[in-house]
1. Answer yes if at least one residue in the stretch 389-402 is surrounded by fewer than 18 Cβ atoms within 10 Å (Cβ to Cβ) and on the phi > 0 side of the Ramachandran plot, and no otherwise.
2. Where in the stretch 14-126 are there strands (runs of 3 or more DSSP E), lying fully within it, with 3 or more residues that are of a type outside the set (D, E, K, R), buried (at least 17 other Cβ atoms within 10 Å of the Cβ) and assigned by TED's automatic domain parsing to the domain that holds Phe170?
3. Of the conditions (1) loosely packed, with under 14 Cβ neighbours inside 10 Å; (2) within 20 Å of Tyr382 (Cβ to Cβ), Ser210 fails just one. Which one is it?
4. Looking at (1) closer than 30 Å to His386 by Cα; (2) surrounded by fewer than 14 Cβ atoms within 10 Å (Cβ to Cβ), which is the one condition that is false for Leu155?
5. What are the residues in the stretch 158-206 that are in contact (Cβ under 8 Å) with a residue 24 or more places away in the chain, surrounded by fewer than 19 Cβ atoms within 10 Å (Cβ to Cβ) and of a type in the set (A, V, I, L, M), if any?
6. Could you list, in sequence order, the residues of the stretch 209-237 that are more than 30 Å from Pro180 (Cβ to Cβ) and of a type in the set (Val, Ile, Thr)?
7. Are there any pairs with C-beta distances below 7 angstrom linking a residue in the stretch 388-403 that is over 16 Å from Leu179 (Cβ atoms) to a residue that is β-branched (Val, Ile, Thr) and assigned to a strand (DSSP E or B), with the two at least 6 apart or on different chains, and if so which?
8. For Asp244, work out the one condition from (1) among the acidic types (Asp, Glu); (2) under 30 Å from Leu115 (Cα atoms); (3) crowded, with 18+ Cβ neighbours inside 10 Å it doesn't fulfil.
Amino acid sequence: MRSLISLMMILSFVTSWAQNDRIEKNNTVFFIPEFQIGKTMEANDGFPKTNLQTAAIVSLGLHNSDDVKEWAARLNFPKTGILFAFIDFGNSDKLGQAFSIIPFAEFLLLPKVYLNVGMGASYMNILYDEIKNPFNRAITTNLNWSFRSFIHFSLKANKSWDWRLGAGYFHHSNGHTRLPNQGLNSVLASLSAKINTRTEHELIDKPEYSRSSQTYISGRIGFGLNVLSEEFNSKKGVYSLAFDLGKIINKTFKFGGGFYYRFYQHYYDYIKNEEPLVIEEYPLFLENPFVYASNFGLYGSAELLLGHVGFEFEMGLNIHKPFYSIDWRLNQGYSYTNANGTLIKVLGEFDWYYEIKRTVSARMGLKYYLFNNNRSPKYNLYLGAHINANFGQADFTDLSLGYVYRFDLNDKQH
């Protein structure tokens with residue numbers, strides 16, 4: 001989540017950085033073979049020892065330099081595409097390898113300096129196992145979220161090739177769909193070559209667009225999955241709906257605010273099954289399990305609209321999430337075996353960080369819209385995939401179906 005906030009700050013700089021009045025019209029495909037080397041960071045105490053992490057990556061992308069895509073002009077003509085990666089974490093027996101597919105966008109920060117960011121999915125072939133692999137508490141599911149952020153510097157370029165050095169960060173975790181979920185974080189350096197499929201391009205005037213704004217209303221329904229704790233570690237549903245109202249600025253920047261509601265199946269079942277913590281400390285929950293398994297609040301959102309694709313971040317305030325006090329105590333506690341061989345469970349204690357996580361929600365992910373947002377469609381549908389969090393810690397992963405209605409476009413003079 002912190003990475004996305006940093007990205008938003010960087011993009012505000014990108015949009016203000018001046019370029020020449022003439023550009024090359026270029027909508028051609030490019031390829032980038034890339035080799036990375038770096039270090040997998042320790043995820044927990046006793047984490048397996050690792051050699052250098054290595055990765056082989058192939059990116060397939062598209063230039064977006066023309067006078068048609070307003071979103072591209074507003075963002076100084078970023079490149080977009082998808083990458084395929086094979087990653088070796090430096091310990092084949094305990095950490096294994098990952099196969100990643102990640103949509104990305106690449107922004108020009110300064111002459112010869114590019115920011116490449118992407119969010120997608122990875123398949124891991126070695127997992128945590130309580131008996132066979134107990135010290136790899138980073139990865140417990142085959143399918144995981146992946147986030148990548150890299151800075152690339154152009155070393156030597158011509159019309160066909162661009163040799164580049166890079167440095168950046170890679171993160172993998174499962175979005176709280178199984179515990180433990182410490183996640184894998186890596187710091188890496190890279191060498192890559194951008195290969196252009198066409199070398200000659202028409203020179204055109206850089207497009208200029210009038211400022212515009214458009215009010216929208218939107219609603220979505222979602223189905224997610226999470227687990228409650230290591231003891232209650234089976235996947236169960238999280239059902240959600242949300243409504244928001246806001247503005248779309250220059251067909252590219254979407255800002256809004258609204259209301260969300262969520263129902264957690266794990267919370268409901270824990271109450272209905274009259275688990276010990278409910279009986280001993282929260283008997284009030286038994287009076288209405290549905291209400292106490294519910295969560296609602298208010299949120300604000302920011303989204304980049306890149307044609308059919310949206311990259312969204314939300315921050316919210318929970319008005320009602322009473323069961324989180326049990327959630328916290330189960331997950332922040334620990335257990336041990338005493339001298340008599342009895343398993344002792346110690347519940348987590350409340351502190352200042354509990355208050356923050358109980359209060360602040362966050363959400364980020366990708367959307368695919370049915371109609372191109374560059375055309376300001378009055379009606380639109382989208383499919384979304386998001387990771388939801390209690391402040392900065394994953395809460396659940398969800399898929400959503402949403403509808404957007406736009407009011408009349410308001411064009412302004414330069």
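1. From the stretch 389-402, those surrounded by fewer than 18 Cβ atoms within 10 Å (Cβ to Cβ) are 391-393, 399, 401; that's our starting set.
Right, trim to on the phi > 0 side of the Ramachandran plot and you get 391.
Yes, that holds for at least one residue.
2. Of the strands (runs of 3 or more DSSP E) lying wholly inside the stretch 14-126, those with at least 3 residues that are of a type outside the set (D, E, K, R), buried (at least 17 other Cβ atoms within 10 Å of the Cβ) and assigned by TED's automatic domain parsing to the domain that holds Phe170 span 29-40, 53-62, 79-88, 97-110, 113-124.
3. In the conditions (1) loosely packed, with under 14 Cβ neighbours inside 10 Å; (2) within 20 Å of Tyr382 (Cβ to Cβ), Ser210 misses (2) alone.
4. Unmet condition: (1).
5. Leu165, Val187, Ala189, Leu191, Ala193, Ile195, Leu203, Ile204
6. Within the stretch 209-237, the first condition is being more than 30 Å from Pro180 (Cβ to Cβ), and the residues that meet it are 209-221.
The answer is Thr215, Ile217, Ile221.
7. That search, which allows pairs on different chains as well, returns Phe391/Val360; Asp398/Val238; Ser400/Ile221; Leu401/Ile221.
8. For Asp244, the failing item is (2).
The values are calculated or read from the model by the stated rules, or taken from the named source; none is laboratory data. Fair warning: this is a prediction, and the values are worked out from it, not measured in the lab. Quick reminder, even Gly has a Cβ in these numbers, built from the backbone with ideal geometry, and neighbours come from all protein chains shown.
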